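Presented below is the structure to which this report refers.
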Amino acid sequence: MDLTVVLTLDTSVDIAFVTLPVLSLVGWGISQPMSMDFDILETVLLVLSAVVMAGLVKDRRSIYFEGIMSLGLYIMFPL
């Protein structure tokens, strides 16, 4: 479980600090701006998914209900 949490958080940090700025610069270079202006629904979903994931990893064990919550988020709001 520790390895899974570390890998997940490490990947999230990589995307937040490397991929997003690079894509913004590439978009600027090809005259296709990348807006960071999100709708209220997108913001609420981001916060909700962060709260659910924080709840999943805080006690370092999982139960069926937590798995159903994460599957429910994915089914209701797929990428």
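We did not get these values from a lab; they are worked out from the coordinates using the rules stated. Please read these numbers as outputs of a predicted model, since none were measured by experiment. All Cβ positions, glycine included, derive from the backbone under ideal geometry; neighbour counts span all protein chains shown.
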State, to one decimal in nm, how far the label point of S70 lies from the label point of L48, with both points 7 Å from Cα in the Cβ direction. 1.8 nm
So for the chain, considering every pair of alpha-carbon atoms, how many percent are separated by more than 15 Å? 70 percent
